1. R0 = 41 Å: FRET efficiency of Asp47 with Asn16, Cβ-based, nearest 0.05?
2. Taking neighbour counts of Cβ atoms within 10 Å as a proxy for exposure, in what order, fewest first, do Glu103, Glu57 appear?
3. Going by amide H atoms built from the backbone, whose H comes under 5 Å of the H on Leu67, apart from near neighbours?
4. Work out the FRET efficiency for Thr130 and Lys89 from their Cβ-Cβ distance, taking R0 = 22 Å, and round it to the nearest 0.05.
5. How do Arg49, Arg58 line up, fewest other C-beta atoms within 10 Å first?
6. State, to one decimal in nm, how far the label point of Leu65 lies from the label point of Ser38, with both points 7 Å from Cα in the Cβ direction.
7. Using Cα positions and a limit of under 13 Å, work out the aspartates and glutamates in reach of Lys133, with same-chain residues fewer than 8 apart set aside.
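Just so you know, all these numbers are worked out from the coordinates, no wet-lab data involved. Note that this is a predicted model, so its numbers are computed, not measured. When we count neighbours, we look across all protein chains shown, and the Cβ atoms used for this are built from the backbone with ideal geometry, even at glycine.
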Amino acid sequence: MSSALDKMVPVFTGSNWQQWHTSMQAYLWAQGQWFVYSTTQPVNGHDDRNNWDDNTERALGNITLCLAPSIQVTIANLTTVKEVWDYLKKSFGAPSIGSAYAELSTLLSTTIPAGSHPDPAITKMLSHFTYLKDTGFDFPAPVVGGESLEGAKMGVRPRRPGLA
């Protein structure tokens, strides 16, 4: 795998769609290959067809390199970026109870190390809240807006209701 690709895009395991699809799409944009998702192969112009084919092959290669082997085999017979992307989105894009639990678990274990600026950890926590909201979990505004984050700023996990 190219060093840029493996540093910028995580391997898609089936449970990290939210992180993976954003990174993979941004990588394909940066490589000038994302346009093949929303276009069909040109009918006229030999050079246009060759350009589209070349970019499709590169994009499919980049996507495949960032898939776990068990997922690579499921897309082996798909021939366009749109087919692959739509299949992955349909199969893995909808939040499941398992992915929601993993997200909540990660959120609850997030701490801010002493002496570090809190913004990166708070941003990460807010992205977990957003994902969970997308799965149907609603949190009261004080939890998302700051009360739980105040404890996180000091490296303290918030107390759970009902615990002394």
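1. Working: r = 38 Å, r/R0 = 0.93.
With R0 = 41 Å, the Cβ-Cβ based efficiency is 0.60.
2. Numbers: Glu103 22, Glu57 13.
Lowest count first: Glu57, Glu103.
3. Correct list: Phe12.
4. It comes out at approximately 0.75.
5. Details: Arg49 13, Arg58 16.
So the ranking, lowest neighbour count to highest, is Arg49, Arg58.
6. 2.5 nm
7. The reachable aspartates and glutamates, counting only those whose Cα sits under 13 Å from Lys133, are Glu103.
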